[in-house]
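Undergrad: Below is one structure. I have some questions about it.
The values are calculated or read from the model by the stated rules, or taken from the named source; none is laboratory data. What you see is a predicted model, and the numbers here were worked out from it, not measured in a lab. When we count neighbours, we look across all protein chains shown, and the Cβ atoms used for this are built from the backbone with ideal geometry, even at glycine. We work out accessible area using only protein heavy atoms, side chains counted, and drop any ligands, DNA or RNA first. Shrake-Rupley method; radii C 1.70, N 1.55, O 1.52, S 1.80 Å.
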Amino acid sequence: MTVVLLAFVAAFVPALLWLVFIYRRDRYEPEPKTLIARLFLWGLAAGPWASGMNILIAHLFAPSIDSAQRQGALFLAAILLFALVALSALNEEVMKYVVVSSRVRGDPAFNEPVDGMIYMSTAAIGFSAGENVVYILNTYFGLIADSTRPGVPLALINAFLVTAPLRALLSTIGHITWSGITGWFLSRHYLEKGSGRMLVGGILLAASFHTAYNFPLFLQELGLAVGWITWLVWIAGIERYLTLLGRALMASPFRRAGLRAKGAAAEHAEVLRAFRSLRARQLPVTVILVVLGIVAAVAAALAGLPQEVPYTSAFLFVLAAIAFSRFNWRCPVCGAHLNGLNPKSCTHCHVSFT
């Protein structure tokens, strides 16, 4: 019972921190907190529904995949595995979209482009939190039941020092970015009366990122060392999400109205303040994250922990430094990634930082 409680804490505390972080991205007209709470819970509720469908999909494909592997037909096994992963990813993205779309259409709070991204990201955090509990518990009880690797300490280390932080960082951010992409297209469809085909294309794009993230991990089970592709896809998803988030914020009618009231000089002053703020934290935070990664890895090695713990610790902090840089070092006007350490202007929208 204690382990189950710890699993919920390890999954939901990071989820709530991510929820606060995402909520604050909507800086021009924040959404009602009650609506955000409901969407988080609906995202959480979508998890068992999606899991049930994924189990059905796995039952349809797993026997054929196992048979192809036993016969040495690795290419056929990879194709079938891709179909399984792609359908499972599409299932999850559709589930998250359905629970959000059914709750926010017609809501008066849905009135600016960024709202769809906030709504979908919120549901994704709830969905991921429930999923993370399952993964943490499966890791713990799986090792407890494994007679070749006995010991409660080892199970606790792998469940709470490896699986929990990896899921809280990598998988949760993945769900946020994939669903946020869908949210961008949901806003365009709902607020700009975009076509249904465009919305379907957005969901398929999100599912494609999700598939590209998961598929290399499954290929490793066939003996192919391509897991590194997952991390490239993870960073690419962050890049796409932040670009769309910047566009959505720039297009906010509340931003434009506020700047018109202030005048051109005030608008430029706001841009300069935002740029100086992100420049002031770029290098220090990046250096701190890298140093913390080194310290955590050394400490874990000196403590005699399993070798995967130091490597995982260092890898997590390096990924966090990369993700922070991709998030922070962006034009405060258009959201494009900035070139150089001290740019004079944005190469995308040409706004001046001097």
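Undergrad: 7 Å from Cα along Cα→Cβ at both Val98 and Lys33: what's the point-to-point distance in nm?
TA: With each label placed 7 Å out from Cα toward Cβ, I get 3.2 nm.
Undergrad: How would you rank 201-208, 4-11, 90-97, 299-306, highest first, on the average number of other Cβ atoms within 10 Å across their residues?
TA: Highest-to-lowest ranking by the protection proxy: 90-97, 201-208, 4-11, 299-306.
Undergrad: Leu272 label point, 7 Å along Cα→Cβ, cut-off 20 Å on backbone N: hits in the range 8-34?
TA: Hits in the range 8-34 for Leu272 at 20 Å: none.
Undergrad: If amide hydrogens are placed 1.01 Å from N in the peptide plane, which non-local residues have theirs closer than 5 Å to the one on Ser345?
TA: Phe353
Undergrad: State the number of lysine pairs found in the chain whose Cα atoms come within less than 30 Å, restricting to pairs 8 or more positions apart or on distinct chains.
TA: 5
Undergrad: Top to bottom by accessible area (1.4 Å), largest first, where do Tyr140, Tyr23 land? Each step should come with its number before you reach the end.
TA: On the way: Tyr140 25, Tyr23 50 Å².
So, going from the largest accessible area down, we get Tyr23, Tyr140.
Undergrad: Another question, then. Where is the GNM fluctuation largest for the chain (alpha-carbon springs, 10 angstrom cutoff): Ser128, Ser101, Ser187?
TA: Ser101
Undergrad: So how far apart, in nm, are the two label points at Leu302 and Arg105 if each is 7 Å from Cα heading toward Cβ?
TA: With each label point 7 Å from Cα toward Cβ, the separation is 5.9 nm.
Undergrad: With +1 on each Lys and Arg Cβ and -1 on each Asp and Glu Cβ, and nothing else charged, work out how big the dipole of the chain is about its Cα centre, in Debye to the nearest 20.
TA: 1220
Undergrad: Follow-up question, since we're still on this one. Taking only protein heavy atoms and a 1.4 Å probe, what accessible area per residue, in Å², does the range 14-89 have with all protein chains in place?
TA: Ligands and nucleic acids excluded, the result is 59 Å² per residue.
Undergrad: Moving on to the next point. What distance in nm separates the simple spin-label points at Arg279 and Ala58, each placed 7 Å from Cα in the Cβ direction?
TA: A separation of 5.1 nm, rounded to one decimal place.
Undergrad: Which angle from 0 to 90°, rounded to the nearest 10, does the C-alpha axis of helix 172-191 make with the longest principal axis of the chain?
TA: Compared with the principal axis, the helix lies near 40 degrees.
Undergrad: Working out 0.36 nm times the residue gap between Phe75 and Leu341, then minus their Cα-Cα distance, what length gain in nm do you get to one decimal?
TA: Result for the pair: 91.2 nm of gain on full extension.
Undergrad: Separate question: I'd like the distance separating the alpha-carbon centroids of the range 285-342 and the range 9-62, in whole Å.
TA: Taking the Cα centre of each part, the range 285-342 and the range 9-62 sit 25 Å apart.
Undergrad: Using a probe of 1.4 angstrom, how much of the accessible area of the range 174-235 is carbon and sulfur, in percent?
TA: 66
Undergrad: Taking mean projected area of the Cα convex hull in nm² straight from the coordinates, which label in [x] 20.2; [y] 18.6; [z] 39.1 is the correct one?
TA: It is the one labelled [x].
Undergrad: Which angle from 0 to 90°, rounded to the nearest 10, does the C-alpha axis of helix 253-262 make with the longest principal axis of the chain?
TA: With rounding to tens, the tilt is 40 degrees.
Undergrad: While we're looking at this one, here's another question. Give the long-range amide H neighbours of Arg330: residues separated by 5 or more places, or on another chain, with amide H under 5 Å away, using H modelled in the peptide plane at 1.01 Å from N.
TA: For Arg330, the qualifying residues are Leu338.
Undergrad: Further, regarding this structure: Ignoring everything but the protein chains, give the 1.4 Å probe accessible area of Phe327 in square angstrom, nearest 10.
TA: Estimated to the nearest 10 Å², Phe327 gives 60 Å².
Undergrad: Any chance you could give the angle, 0 to 90 degrees and rounded to 10, that helix 33-70 forms with the longest Cα principal axis of the chain?
TA: It works out to around 40 degrees.
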